[in-house]
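Peer 1: Structure provided below as structure tokens; questions to follow.
A short reminder: the numbers here are calculations on the coordinates, not readings from a lab. All of these numbers come straight from a predicted model, not from anything done at the bench. Backbone-built Cβ (ideal geometry, glycine too); neighbour counts: all protein chains shown.
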Amino acid sequence: MEPTIGKHSFLRNVMARVLLFGVLIIVVRFAYIVTIAGESCNLGDFCFFSLPENFSFIIAGTGTGASAANRVVRPAASIQPDLYTSKDWIKAVHFYSSVFQDLMAEGHLSPTFKSLCVETPTGQDVYALKEIGVPDSVGIFKKAFKPLVISSKTNRIPFDDDTFDFVFSGHGGIDKASRPLDLASEISRTLKPEGFVVVHVKAKDTYSFNSFLDLFNSCKLIKSHNIDGYDSSMPYIREIILQKQSGFFGRGVKEPSGNSVDKCSVPEHKRELVRNAEPLIAKEPLKPWITLKRNIKNIKYLPSMADISFKNRYVYVDVGARSYGSSIGSWFRKQYPKQNRTFNVYAIEADKAFHEEYRVKKGVTLLPYAAWVRNETLSFEINHDPGQEVKDRGRGMGRIQPVKLTKQGDESFNGEVDEIQGFDFAMWLKKTVTDKDFVVMKMDVEGTEFDLIPRLFETGAICLIDEIFLECHYNRWQRCCPGERSSKYEKTYGQCLELLTSLRESGVLVHQWW
């Protein structure tokens, strides 16, 4: 009997191992389909624990504008039931269903509309549209999530012009876009005239709100109001409803008329920032090299007062940059609050002594010329401060002047003169940036600011600048010689204060620099 018992025991062990191996294969296959493949069970794969077609789950009445009664949502036969029964997914579907029902009641959405949801990773908003009776709905995202969401690039939505009656962007989709103008332009292109755009954003301040509206130049504002979000990532939402104006087709880009580009007025939302800025230093400091440097602690940077998410590009222009470490590397890269945005940096520096180091600086475009009011050849004067050795690291600040007789024969001139090319800075700025870009400028041009600032107003280029850090040069008290003023500049502190004040009164956010 012992040999027989041993044989049965061996067979049982083999069968148990085969069974366990089979179960392991099934589990691995199921996990692959659910977590990796992410596809429907109707695409040729086999699934387990599938819900029957007549299965329904209850979405509890939560969220802003929700009905007191619970609603039943039935997943479509082609949809992955394990995801769509999760608590978070049900909550999102209910939230969007409530939002869309309110839009229907207001006449901004209809069951007959052809609808598009943009920047939707898993399509809860698409599903909600279908469930409330808008069947012709689809979503787009960089990665497809079948059958609700198809793959699409942000800068090219795969649909023809004037295709959709309704376009929706929820959960801060446009906030997160790296190039919001590209996305807004594509939304406008694919939206029919008289069609509606509804966007959920985080924007609360007037600066970001107006920056958002600037993205949709073919649409008019219908409504803007605040609602509660459905999760902690966006507890508060600003819902903005726009309508594409009739007469606009495709992207709806208007051609500029006349010579209006040379005129501008600073909008009210920028003037509001000026009113909240730190006060100017009214009394001339006896030790300006100390007072003005300390003042940086009081500066209220624009990105600390407003959201800059809805700008197309981010640009920093350093006029009179000198060496990379003077302000780009030591201040702007380290201290300026960029809100995690990547800035295009332009360094404008006429002094040849600093040009070589910029060749190895990535992300910085050097303009080896002098910022001026027109294109012409200038004399570049390096006048060293008293007691300062004549060497590159200690070289004085350069000033530009129209070409004239050299001062090198003048005993009172402690420096050197060179000829350089000046360029019309205001016109360059107008060709380089637009009003949809976020532009920060630092200007340290040794007195030429009294020429450049009026030129910026004259050409309208001043309206392209969001924030200015200006060092105004005057015959200040000298560090080396107590009781003596510098004869290097002709202006007084009072004239500098007038220049700074006039900028702020015109609605330009300007800060005193050193």
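Peer 1: What is the sum of charges, Lys and Arg at +1 and Asp and Glu at -1, for the other residues whose Cβ falls under 9 Å from the Cβ of Ala277? All intermediate terms of the calculation are to be shown ahead of the outcome.
Peer 2: On the way: positive: Arg275, Lys300, Arg504; negative: Glu278.
Around Ala277, the charge tally is +2.
Peer 1: Provide the net charge surrounding Ser211, with neighbours chosen by a C-beta distance below 14 Å and charges set as Lys +1, Arg +1, Asp -1, Glu -1. Intermediate results must be reported in sequence, preceding the final value.
Peer 2: Working: positive: Arg179, Lys202, Lys204, Arg238, Lys270, Lys311, Arg313, Arg341, Lys436; negative: Asp175, Asp205, Asp214, Glu268, Glu272, Asp307, Asp435, Asp437, Asp466, Glu467.
Spelling it out: positives minus negatives among the neighbours equals -1.
Peer 1: Sticking with this one: Find the centroid of the Cα atoms in the stretch 432-504 and in the stretch 330-377, then give the distance between the two in whole Å.
Peer 2: Going from one Cα centre to the other spans 17 Å.
Peer 1: In Å and from the alpha-carbon atoms only, list the Rg and Dmax of the stretch 88-244.
Peer 2: Over the stretch 88-244's Cα set, Rg and Dmax evaluate to 14.0, 38 Å.
Peer 1: Given labels modelled 7 Å from the Cα in the Cβ direction, how far is it in nm from Ser151 to Lys297?
Peer 2: For Ser151 paired with Lys297, the spin-label model returns 5.5 nm.
Peer 1: Estimate the FRET efficiency between Lys142 and Leu19 by the formula 1/(1 + (r/R0)^6), using the beta-carbon distance for r and 60 Å for R0, to the nearest 0.05.
Peer 2: 0.90
Peer 1: Students often check this: by mean Cβ neighbours within 10 Å, which of 193-203, 230-240, 96-106 ranks highest, and how do the rest follow?
Peer 2: Working: 193-203: 21.4, 230-240: 15.5, 96-106: 19.5.
Top to bottom by mean Cβ count within 10 Å: 193-203, 96-106, 230-240.
Peer 1: What is the extension gain from Arg359 to Trp514, computed as 0.36 nm multiplied by their sequence separation minus the C-alpha to C-alpha distance, in nm to one decimal?
Peer 2: Values: separation 155, 0.36 × 155 = 55.80 nm, distance 2.64 nm.
Using 0.36 nm per residue and subtracting the Cα-Cα distance, I get 53.2 nm.
Peer 1: Let me ask another. Taking 22 Å as the cut-off for C-alpha to C-alpha distance, list the pairs among Lys176/Lys436; Lys142/Lys176; Lys287/Lys352; Lys300/Lys442; Lys143/Lys220; Lys204/Lys431 that go past it. Each step should come with its number before you reach the end.
Peer 2: On the way: Lys176/Lys436 17 Å; Lys142/Lys176 13 Å; Lys287/Lys352 31 Å; Lys300/Lys442 15 Å; Lys143/Lys220 31 Å; Lys204/Lys431 31 Å.
Where the Cα-Cα span goes over 22 Å, the pairs concerned are Lys287/Lys352; Lys143/Lys220; Lys204/Lys431.
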